[in-house]
Amino acid sequence: MRPWCLENPTVRSPFRLREGLIALSKSSLQGNLRGREQEVAFRDLLGELGVVSLGSDATFSVSRKWRKALNRRGFLYPPVSKTSTVTQGEIGPLDTITANGWRLINADSVPAMQECFLRSLAAYYIPSDFEKEYEFGAFSPLRHTLAVMLELEKSTGENHLNFIEMAVIIQNSTSADDMAGIVAKILDLRDRRQKSGNKKQFDGQELEKTAKLDDYVPQTFNDYADTNFRYLKATGLVQSKGRGIALVPEKHVFIEKLVETVQVPESDKMFYTFLCNGATLPTDNKDSALVVLEDLLIQLSTYGITFDTTGKSLETPADIGSVRHEIEAILSARREEEYAAKQAGQWEEIAAYMDLLIHRRSRSKKILSGGAEIEIPQAEAPAYFEWVLWRAFLAVNSLVNKPYEARRFKIDQDFLPVGTAPGNGPDLIFEFDEFVLVVEVTLTDNSRQEAAEGEPVRRHVARIVEGYPGKRVYGLFIANKVDTNTVETLRIGFWYKSDDSKMALQIVPITLEQFQKIFSAGFSSGTITPKLIQEFLRDCLAVSNNDAPAWKREIERTVQEQIAAFV
C-alpha cells in the first residue's frame, strides 16, 4: 500500500504553519493564492517574514506546498473536487481562512495552539474528496496511531513507539488492518532489532525491504516518519521518548475517549465541515469532560497537590474546560520544575546544541557520546538559540525565579521551543540571590546587528534595572559574531529615561563560542556557580573603558583566564 503522511515533509514544522497563516491574514493574498503572480507573492511574503528560508525556488514550489498544507489542515478552505457532492460555495471561499484557522491565529498559548492541531487531525480522514489517491478505506491516521499505542500498552505495559516502527509499520497500515497483527509485527521488529549487532545497519535494511515492497526510495519512509511524529506531537497528546514517541500521561484518559469516537464522514459536506471548523472532541461532551477532569485531579494528587473544585462551576463542557486548563497548567509548571532540576546532568547535551548553533551553516545534526542524535531545524535556529541558553542557566541550578519565569518563549510538552520570545522585552531573565542577568541572543552577525539589537538590548536591560531596585542587574549579549559597532554601543551603555535622567547599564557582549567554552569548562570541573558568573561579568566590565576593538580583545583574554581558572 501507499504509505500515508500527515503532511508534506517539506512543511514538517507544524507551528510554522501558524506563522504563515498570520502573515497571510495581514496581506491582500488571502483567497487569492493561485496563479504565477500570486504564488510568487506568497513565496516572497513567507520569505520576507522569516517563516521559510527560500534558497533557490525557481518554480515557486514553496507557496504551493504551504497553500496545500494549510488546505489539508483545514486552516484555509480547500478546493472542492469537480466530482464532489458539494460545491465550493457550500464549504467556504477557496483559500480563505477557516474558523479553525482563525482559532489558531488567535491562540495565545501552546495548549490553545495544540488544540487547533488536535481538532484538525481528529477531523482528518484519508482518502477524501480532497485526497483521492489512497487505495484503502477512509480512516483517521491520528486515531489509528493512538489505538496502536494503547494496544501496545496492553501487551507490554508501555505505549511508546520507536522511529523505525513508525517508518516501516504504522504509516503502512490502516484501521482496517488487524490490530493484533500490527502489534505482533512491532514486537517481532523489536525482538529482531534487539538481537542485531548493528542497530543502524538493521534499520537501514528494514527500510530497504519496505521500500522495495512499496516501490519508494528508503529515505521517503524516514521523511514521512519524522513528519508524522512532528504533527502527532503538535496535538499535545504524545511526547518524545528517545527517538520515538509515547502518550502524555495526563492525556491518557482523553486519548482513550478520543479513540472510541471514530467519526468517519458520511459525506463530503460532513468531511469539509469538520475539517474547517475542527472536529468535536471528547471534552466537548459534559460526561466525558468530567471523566477527564477526575483523572487530572488524581494525577495532581500524586504530586501532593490538592485542588478544590468547590465553588467552581462544572455545569457545561466550557466550565469544565476552564477548570481542566487550570489543573493542566499546574501540572505543566511542576513538570517544568522537574525538567529544570535535571539540566545540570545534561550539560554535555546543552553544549552540543551550542556547537550546532555555532556551526549551523555547515551542519544541523550531531551524534552525542551515548549514541543519541540531536538536531536543530534550520528555520527554528533562532528559537533554539534562546532555548539552549535557557537550559544553560537552568543547569547552574541556583535560580530564584521559576524556570517558566526565566523564559519568554513558549515550549511544548517536550520542553522544546515553540517560536522565539515576543518583542518588547528581553529574551531571558535569570534572577540569582545576588544579581539579575538579562540575556539577549541573535543570529544576526552582519553590519545590521547594531541597528537591530543596540537599542532594544539597552532598553530591555534598562526596564529590568527599574524592576529590580534592590539588585545589581547585568546584561549578557550573545551572538555567533559580535559586530564591533554593537560592542561600542553596549560599551557606552547609557539609557535615558522619559524624565531625561541618565541610567548606566552594565552589558557584556560575547560570542556563543566563548560562552560555550566557559560553560563546558565550568561544568567539566564542577565549579561553576552564580558567584563565578558575576565575577566574570565584573571582570569584563572593568576593562570596558577601552575602545570597542580593544574591549573585544580584553573580553577574550578574560574568557581564557576564566577557562584556565576552572581547569
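The values are calculated or read from the model by the stated rules, or taken from the named source; none is laboratory data. Small disclaimer: the values here were computed from a predicted structure and weren't measured. Cβ sites come from the backbone with ideal geometry, for glycine too, and all protein chains shown count toward neighbours. These area figures cover heavy atoms from the full protein model, side chains too; ligands, DNA and RNA do not enter into them. Shrake-Rupley method; radii C 1.70, N 1.55, O 1.52, S 1.80 Å.
Could you tell me how many of the residues in region 274-290 are within 17 Å of LEU237 (Cα to Cα) and part of a helix (DSSP H, G or I)?
The number of residues fulfilling the criteria is 5.
Out of everything in region 389-441 that is of a type in the set (D, E, K, R) and free of Cβ contacts under 8 Å to residues at least 24 places away in the same chain, what residue ends up being most open to solvent (accessible area, probe 1.4 Å)?
ARG408
Give me a count of the residues in region 96-116 that are closer than 23 Å to SER27 by Cα and either at pLDDT 95 or above or among the hydrophobic types (A, V, I, L, M, F, W, C) (or both).
Total satisfying the criteria: 14.
Looking at (1) within 25 Å of the chain's Cα centre (by Cα); (2) at pLDDT 95 or above, which one does ASN424 not meet, given that it meets all the others?
(2)
Hey, could you check region 140-179 for residues that are among the charged types (D, E, K, R) and under 26 Å from the mean Cα position of the chain (by Cα) and say which is nearest to GLU7 (Cα to Cα)?
Looking at the filtered set, the residue picked out is ARG143.
Does region 446-468 include one or more residues that are within 23 Å of ARG538 (Cβ to Cβ) and hydroxyl-bearing (Ser, Thr, Tyr)?
Yes, region 446-468 contains at least one residue that is within 23 Å of ARG538 (Cβ to Cβ) and hydroxyl-bearing (Ser, Thr, Tyr).
Considering region 327-346 alone, what residues qualify as being more than 14 Å from PRO249 (Cβ to Cβ) and either β-branched (Val, Ile, Thr) or not in a helix (DSSP H, G or I) (or both)?
Within region 327-346, ILE330 is the sole residue that qualifies.
Could you count how many residues in region 127-152 are in contact (Cβ under 8 Å) with a residue 60 or more places away in the chain, within 24 Å of GLY244 (Cα to Cα) and of a type outside the set (Ser, Thr, Tyr)?
8
Looking only at residues that are among the hydrophobic types (A, V, I, L, M, F, W, C) and buried (at least 17 other Cβ atoms within 10 Å of the Cβ) in region 257-279, which one is nearest to ARG119 (Cα to Cα)?
Per the stated criteria, the residue is ALA279.
One line per residue, one yes/no per condition, for (1) within 23 Å of LEU356 (Cβ to Cβ); (2) open to solvent by 70 Å² or more (accessible area, probe 1.4 Å):
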position: GLN516; (1), (2): yes, no
position: ALA521; (1), (2): yes, no
position: THR529; (1), (2): no, no
position: PHE536; (1), (2): no, no
position: VAL543; (1), (2): no, no
position: VAL567; (1), (2): no, yes
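Could we say that GLU328 is open to solvent by 60 Å² or more (accessible area, probe 1.4 Å) and of a type in the set (Asp, Glu) here?
Here the answer is no, as GLU328 does not meet what is asked.
Do you know which residues across region 239-272 are free of Cβ contacts under 8 Å to residues at least 24 places away in the same chain, more than 19 Å from THR174 (Cβ to Cβ) and of a type outside the set (Lys, Arg)?
Matches in region 239-272: MET270 only.
Any idea which of GLU349, GLU380, GLU386 is open to solvent by 50 Å² or more (accessible area, probe 1.4 Å) and part of a helix (DSSP H, G or I)?
Among GLU349, GLU380, GLU386, only GLU349 is open to solvent by 50 Å² or more (accessible area, probe 1.4 Å) and part of a helix (DSSP H, G or I).
May I ask you to say which residue of ARG472, ARG463 is in contact with a Phe, Trp or Tyr (Cβ under 8 Å, 6 or more places away or on another chain), over 30 Å from ILE245 (Cβ atoms) and open to solvent by 10 Å² or more (accessible area, probe 1.4 Å)?
ARG472
Which count do you get for residues in region 230-251 that are touching a strand residue (DSSP E or B) at 6+ places or on another chain (Cβ under 6 Å), outside any strand (DSSP E or B) and either surrounded by fewer than 23 Cβ atoms within 10 Å (Cβ to Cβ) or at positive phi (or both)?
1
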